Structures are given as structure tokens and as C-alpha cells.
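Novice: Can you read through this structure? Questions will come right after.
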Amino acid sequence: MFAVTRERFEELVADALDSLPPELGKEMENVAVLVEDRAQGRALFGLYEGIPLTKRGPGSYSGVMPDRITLYQETICGACSTEAEVVAQVRKTVIHEVAHHFGISDPRLEELGWA
């Protein structure tokens, strides 16, 4: 396990989001990105909750709460032994969860090496 402060972890998340191509970042509207210690009852690095862009329509996406991407700091840090590993896992997790926002499934992410 490699522990980092919450502030440092949030910086790593922000850096990972900033590393996304600008054209993808422009499509990330109504998405909140949060950091929590760990998921309830499951060992997850991250979780996307919301309506993927591929499922939205003019009549089905109005007045809804923001989509949520949550990264679980203790779970990520628990799988890492250096800060470089934390940086890499945060980036991979951000990309994985953002991909869900764009409608990419877990099987497809596995094919692409992002699972």
C-alpha cells in the first residue's frame, strides 16, 4: 500500500482529467467527479453512475442530477506500492469511468486494455 493525502490524490485525479483530449473534455457536461475512501461492500477503484451519452435523448435527459464518477482512494492506494503506481492507476481508472460516460462497456474496455 502507498498512502497519499486526500489533497494529493485529488490533484492526481485532476491531472488525469486534464490529460483527456480536449474534444472529449468538451463532452463531459453535467458530470461530477468525486473521491471517496472505498465503495460500500465492493472492492472498486472507481464507479460511474448516470446515463451514458449513447442512451440520452432530448426527452429522456432533462432535469436529471449530474452523472457521478467516484474514485476510491483507499482501494487504489491499497493496490499500489509507489506514487508512480498510484498515478498510473488513477489515470487508468479515470479513463475507464469516463469511457462508461461515453457508453463504452466493460467487455469493450477489457478488449482495449482499460479494464
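Each value in this text was obtained by applying a stated rule to the coordinates, not by laboratory testing. The structure presented is a predicted model; accordingly, all values stated were derived computationally and were not measured. Note: ideal-geometry Cβ built from the backbone for every residue, glycine included; neighbour counts use all protein chains shown.
Novice: Roughly how big is the chain's charge dipole about its Cα centre, with Cβ charges of +1 (Lys, Arg) and -1 (Asp, Glu), in debye to the nearest 20?
Specialist: Working: 11 positive and 19 negative charges, 65 e Å.
For the chain, the charge dipole is close to 320 debye.
Novice: Taking each pair of different alpha-carbon atoms in the stretch 8-68 once, compute 1/r for the pair, average those values, and report the inverse of that mean as the Kirkwood hydrodynamic radius in Å to one decimal. Could the numbers behind the result be given before it?
Specialist: On the way: mean 1/r = 0.0735 Å⁻¹.
In the stretch 8-68 this quantity evaluates to 13.6 Å.
Novice: Now, a different point. With labels modelled as points extended 7 Å from the Cα through the Cβ direction, what inter-label distance (nm, one decimal) is found for Phe102 paired with Glu49?
Specialist: 2.4
Novice: Further, regarding this structure: Can you give the Rg/Rh ratio of the stretch 6-112, where Rg is from the C-alpha atoms and Rh is the Kirkwood radius?
Specialist: Working: Rg = 14.1 Å, Rh = 14.5 Å.
For the stretch 6-112, the value is 0.97.
Novice: Per residue of the stretch 31-43, in order, report the coupling 6.51 cos²θ - 1.76 cosθ + 1.60 (Karplus, θ = phi - 60°) as ³J(HN,Hα) in whole Hz, putting x for Gly and Pro.
Specialist: 10, 9, 10, 10, 10, 10, 5, 7, 6, 6, x, 9, 9
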